[in-house]
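Any read-out appearing in this document is the output of simple, stated calculations on the displayed coordinates, not a laboratory observation. This structure is a prediction, so every number in the text was calculated from the model and none was measured. Ideal geometry is used to build each Cβ from the backbone, glycine not excepted, and the neighbour counts take in all protein chains shown.
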Amino acid sequence: MRHVAYQILCHHENYDGSGYPNALKDNSIPFLSRLIRIVDSFDVMISGRPYKNLMTKQDAIDELLKYSGKHYDPELVELFIEVYVELEIEVLTNQMDKCD
């Protein structure tokens, strides 16, 4: 359980080493931490918070791409966007099928 707690703690690390709490960089950041960083950031962007205005999904994707390699693992950003877009298309297709 301790290793999971550490990975959650490290989700504030930035890919370029400018994050916290340990200023980890690149692949020295645990994989799960790098993934949580992207998913959590995207959720904040599209859901809004008192400290962060709501963004459109496209603006959130653009933000991930803008900070890819700085805040986020660039390979995971590309994969996240690819999977997210595929899921969005699947959801829309299923909704359209229900309307027929």
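Below, the figures for the structure above:
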item: Exposed-site-free run, longest, the chain (rule: trypsin sites (Lys or Arg not before Pro); DSSP loop; at most 15 other C-beta within 10 Å); result: 26-69
item: Fewest-first ranking of CYS10, CYS99, using other Cβ atoms within 10 Å as the exposure measure; result: CYS99, CYS10
item: Residues TYR20, TYR67, sorted so that the one with the fewest Cβ neighbours within 10 Å comes first; result: TYR20, TYR67
item: 22 Å tail of the calculated P(r), the chain, as % of Cα pairs; result: 37 percent
item: Contact order normalised by residue count of the chain, Cα under 8 Å, 6+ apart, percent; result: 22 percent
item: Pairwise Lys count, the stretch 2-99 - Cα closer than 26 Å, eight or more residues apart or different chains; result: 8
item: Long-range amide H partners of GLU13 with built H, under 5 Å; result: TYR20
item: Dimensions in Å of the stretch 41-93 - Rg and Dmax from alpha carbons; result: 11.6, 34
item: Label-point gap, in nm, between LYS66 and ASN94 - each point 7 angstrom along Cα→Cβ; result: 3.2 nm
item: Overall Cα dimensions of the stretch 1-59, principal axis frame, Å, largest first; result: 33, 26, 19
